[in-house]
Structures are given as C-alpha cells and as structure tokens.
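Reading through the structure tokens given below for one structure.
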Amino acid sequence: MPASFDGKLVVAISSRALFDLSDSHRVFEKEGLDAYQDYQIAHEDDVLPPGDAFPLVTKLLAINELEEGAGRVEVILLSRNSSDTGLRVFNSIEHYGLPITRAAFAGGESPHRYVSAFGAHLFLSTDPEDVRQVLDAGYAAATILSGAGLQHKDDLLRIAFNGDAVLFSDESEQVFQSSGLEAFTASEKQAARQPLSDGPFKAFLEALHQIQREFSPQRCPIRTALVTARSAPAHERVVRTLRGWGIRLDESLFLGGLPKGPFLKAFGADVFFDDQQGHCESAREHVAAGHVPHGISNPRPEDA
C-alpha cells in the first residue's frame with residue numbers, strides 16, 4: 001500500500017523558518033549563488049541554530065509521542081535549496097532528533113507548488129511571496145516574523161488566531177474599512193445568524209480540532225484561542241459560525257480594539273496568526289507571530 005497522510009495534520013515549513021540561516025543568507029545576498037553553495041557545503045557539518053518556528057515544530061511533533069496522538073502529525077521541509085546545499089539542513093534535523101523525513105528541495109525555485117502535492121494544512125515560511133502564492137492556491141500560510149517568543153516549560157501547544165481574513169473571510173473587514181465601525185457593528189448585528197464564509201485557516205483549525213477530539217480535555221496537548229478586535233454585539237456571528245462548523249475554540253478574546261500583544265502573552269501563545277501587519281508587530285514583542293497576507297488589509301502592489 002502507498003503511504004498516506006489521511007487523518008494527519010500536515011505542516012510544511014521552509015528551511016529558514018525552521019532554522020536560523022542568516023549567516024548563509026548574508027553570503028547569498030552579498031556574493032551570489034555560487035558563493036552560497038560553496039559556503040553551505042563547507043559548513044554542512046555545522047549545526048544550524050533553531051529558527052523562529054523551531055519551538056512550534058518541536059511541540060507539534062511531540063504530539064506523535066502521546067498514545068492518543070501517535071502518528072497524527074507530519075512535518076515536511078520545503079526549501080529553495082538544492083539537495084546538495086540542503087544537506088546542512090538535514091544534518092541539523094538529525095542533530096536535534098526531529099522526526100522529519102520528507103522534503104522537497106526546489107533548487108532555487110519557489111517550493112510553494114509542493115504544498116498542494118503534499119496536501120499540507122499549513123505552510124510556514126520567511127518569504128512573503130511564497131506565502132502569498134500558497135494562500136492564492138487555497139491553503140493556510142503565514143510569514144513567520146522574528147521576535148520575542150515565549151519560553152514555555154510545558155509541552156502544551158498554544159495556537160491563537162485572528163478571526164476576520166484568517167479563520168473567516170474578510171467580508172466583514174471590508175465593511176469596516178469602507179464604512180467604519182458603526183456600519184460594521186450594525187451589519188454584523190443584522191447578520192448575526194448568517195454564517196461567515198470560510199477563511200484560509202479553517203481547514204488547519206479543523207485538522208487541529210480533529211486531533212483535540214482524540215484526547216480528554218485534561219490530557220489534550222493543544223489549546224486554541226480566538227483573539228479578535230471584535231466586541232459585542234459583533235461577537236455573536238463569530239460564535240454561531242464556529243458552532244455551525246462544529247469546532248470549539250478553548251478560549252475566545254473579544255478585545256474591542258485593545259492591543260493584542262499583552263493578551264497573547266497572558267494566553268502563552270506559541271504562535272499567533274493575523275492578517276494585519278500592525279497586529280503582528282505588536283504580537284511579536286511577546287510571542288511568535290505569523291503574518292497572513294490575505295484579504296483587504298493586504299493589497300498587492302499591482303492593485304494599489
């Protein structure tokens with residue numbers, strides 16, 4: 001029988017999100033591709049430091065070590081490196097004991113097209129354009145931003161999401177940006193029983209929820225939170241939409257425009273996904289942040 005990812009949470013990650021490749025990237029930017037290739041080969045036995053998404057990946061993979069979660073998470077490396085220059089990355093994976101065995105080395109091209117081939121629920125990268133292309137293809141993706149990640153002593157994986165343009169479509173955000181808060185509030189109150197359309201991270205949240213259902217609440221290794229600028233009465237449509245999806249979020253914070261960073265710190269997020277760069281900049285002072293360049297808040301240059 002061929003291998004299958006059925007029933008698994010599949011996360012694809014770039015080499016620069018998993019490891020700190022700033023030394024070799026500087027060589028590439030200053031001296032070009034040939035010098036970069038020589039540098040990587042000369043240093044292929046030098047262990048790379050952990051990157052911004054490393055703690056998240058280790059917690060995801062640790063779920064496989066639990067009886068209820070055995071074999072439920074697959075992490076795949078997607079890299080612009082060639083297999084030759086990528087040997088340093090795999091040597092570092094082996095050094096840290098990460099059970100990552102599958103990879104696509106795209107040899108200088110964007111590896112985004114392999115997200116769909118692997119059926120990944122999420123793609124994490126440091127390249128915003130790769131992330132955009134994955135989002136355009138209908139998959140969850142985020143640009144990992146360098147910042148102050150919390151150091152947790154426990155193994156509980158805490159993931160926080162913005163609502164509009166992340167879990168849900170940006171239809172409500174469009175009303176807010178075009179007509180203001182009062183019109184947004186009136187529109188959401190009127191549409192309270194009309195479900196919001198799916199956003200790019202719905203399938204990822206569903207996959208997380210499927211794993212959560214394998215565990216008792218006391219033993220579940222994943223905790224999720226909605227952290228949104230919405231407030232009452234605009235909360236009702238969100239609650240009813242999630243109920244219609246059959247998905248529970250462990251915590252929901254309706255902040256009414258308050259800065260999200262301190263609340264993400266209090267939640268202890270391992271990562272927070274938001275479509276607005278400003279919110280991500282605030283969050284990264286406290287936790288790891290993933291910018292989701294999707295929706296009305298992220299127009300393409302050609303659309304400006």
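Annotations for the structure displayed:
- Boolean, Glu214 is open to solvent by 70 Å² or more (accessible area, probe 1.4 Å) and either out of contact with any helix residue (DSSP H, G or I) (no Cβ under 7 Å at 6 or more places or on another chain) or within 14 Å of Ala160 (Cβ to Cβ) (or both): yes
- Selection status of Ala137, touching a residue at least 24 places away in the same chain (Cβ under 8 Å), surrounded by fewer than 16 Cβ atoms within 10 Å (Cβ to Cβ) and closer than 23 Å to Pro299 by Cβ: yes
- Residue pairs whose Cβ atoms lie under 7 Å apart, separated by 6 or more positions or on different chains, with the first residue in the range 260-280 and at positive phi and the second at pLDDT below 95 and crowded, with 24+ Cβ neighbours inside 10 Å, do not occur.
- Hits in the range 66-99 (condition: touching a residue at least 40 places away in the same chain (Cβ under 8 Å) and within 27 Å of Gln210 (Cα to Cα)): Leu66, Glu68, Gly69, Gly71, Arg72, Val73, Glu74, Val75, Ile76, Leu77, Leu78, Leu98
- Selection status of Ser79, touching a strand residue (DSSP E or B) at 6+ places or on another chain (Cβ under 6 Å) and not acidic (Asp, Glu): yes
- Answer residue from the range 49-79, given it is in a loop (DSSP other than H, G, I, E, B) and touching a helix residue (DSSP H, G or I) at 6+ places or on another chain (Cβ under 7 Å) and is surrounded by the most Cβ atoms within 10 Å (Cβ to Cβ) among those: Ala53
- Residue check, Glu251 over 19 Å from Ser146 (Cα atoms), open to solvent by 50 Å² or more (accessible area, probe 1.4 Å), among the acidic types (Asp, Glu) and over 20 Å from the mean Cα position of the chain (by Cα): no
- In summary, helices (runs of 4 or more DSSP H) completely within the range 1-48 and bearing 3 or more residues that are within 25 Å of the chain's Cα centre (by Cα) occur at 15-18, 22-31.
- Identity of the residue in the range 80-114, within 14 Å of Val57 (Cβ to Cβ) and among the polar types (S, T, N, Q), that ends up surrounded by the most Cβ atoms within 10 Å (Cβ to Cβ): Ser92
The values are calculated or read from the model by the stated rules, or taken from the named source; none is laboratory data. Because the structure is a prediction, the values reported are computed rather than measured. Using ideal geometry, Cβ is built from the backbone for each residue, glycine included, and neighbour counts are taken over all protein chains shown. With ligands, DNA and RNA removed, areas are computed over all heavy atoms of the protein, side chains included. Shrake-Rupley method; radii C 1.70, N 1.55, O 1.52, S 1.80 Å.
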